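The values are calculated or read from the model by the stated rules, or taken from the named source; none is laboratory data. All values derive from a computational prediction rather than experimental measurement. Note: ideal-geometry Cβ built from the backbone for every residue, glycine included; neighbour counts use all protein chains shown. Just the protein is used for accessible areas: all its heavy atoms, side chains included, with ligands, DNA and RNA removed. Shrake-Rupley method; radii C 1.70, N 1.55, O 1.52, S 1.80 Å.
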Amino acid sequence: MIRERMRNIRLLLLDVDGVLTDGRIIYDHNGVETKQFHVRDGHGLKLLQRAGIQVGIITGRQSEVVALRARELGIELVFQGAKNKLEPFRRILQQTGLRPEQVAYAGDDLIDLPVLRQVGCAFTVADAVEELFPYVDYVTRRPGGAGAVREICDLLLKQSGCWGEVTARYFAEVAE
Ligand SMILES: [Mg+2]
């Protein structure tokens, strides 16, 4: 049952292009790559970390903006330029001592499939390559770069029973 497996998740690994972004890659006139990230995804990832669930990134591409965004969100597990995503995935398992069933992964394209098939919870986004759909546990309602990651974060927090604790400050009554 997917709900029970979500409860065991200690680490959320994310693809970048098409998951944390809408997949568009913008170049400036110097050839420097730019991407757009969604602020609500960022907050979701902070909430997840507050609940003790680690976050990591595995991307096939390489860009400075990804390193910047990861730094901003306090994400230390960052693997860029991974053509075979299973390699960094195995390295992360070794590094963290976690088992595959304690890891969730979100990806949107065929390159993500090998890792999606290994993890405890496999996520994809609404506008993913549709060939992924039979292999995942959950397809977000929102597309990549438009809050899909936030949806995953909120789901994991609610299923793990941490939602109330990590969001209590926002629901607290304002003191007179
Ligand atoms: Mg992708």
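Numbers for the structure displayed
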item	result
So residue 127, is it open to solvent by 60 Å² or more (accessible area, probe 1.4 Å) and either touching a Cys at 6+ places or on another chain (Cβ under 8 Å) or not in a helix (DSSP H, G or I) (or both)	yes
Complete set of residues in segment 46-80 that are part of a helix (DSSP H, G or I), within 18 Å of residue 103 (Cβ to Cβ) and out of contact with any Cys (no Cβ under 6 Å at 6 or more places or on another chain)	49, 70
Where a residue in segment 7-19 is in a strand (DSSP E or B) and its partner, wherever it lies, is more than 6 Å from the ligand (Cβ to nearest atom) and among the hydroxyl-bearing types (Ser, Thr, Tyr), with Cβ under 9 Å and at least six apart	11/96; 12/105; 13/105; 14/59; 14/105
Members of segment 80-110 that are open to solvent by 70 Å² or more (accessible area, probe 1.4 Å) and within 14 Å of the ligand (Cβ to nearest atom)	83, 110
Pick from segment 130-142, criterion within 16 Å of the ligand (Cβ to nearest atom) and not in a helix (DSSP H, G or I), ranking: nearest to residue 48 (Cα to Cα)	140
Residue within segment 94-111 that is within 23 Å of residue 141 (Cα to Cα), at pLDDT 95 or above and part of a helix (DSSP H, G or I) present	yes
Selected residue (only one of 39, 66, 32 is modelled with pLDDT under 95 and either open to solvent by 80 Å² or more (accessible area, probe 1.4 Å) or over 14 Å from residue 106 (Cα atoms) (or both))	32
Selection count where residues are without any contact (Cβ under 8 Å) to a residue 40 or more places away in the chain and more than 14 Å from the ligand (Cβ to nearest atom), scope segment 111-121	2
Number of the exception - residue 145 against (1) free of Cβ contacts under 8 Å to residues at least 12 places away in the same chain; (2) in contact with a His (Cβ under 8 Å, 6 or more places away or on another chain)	(1)
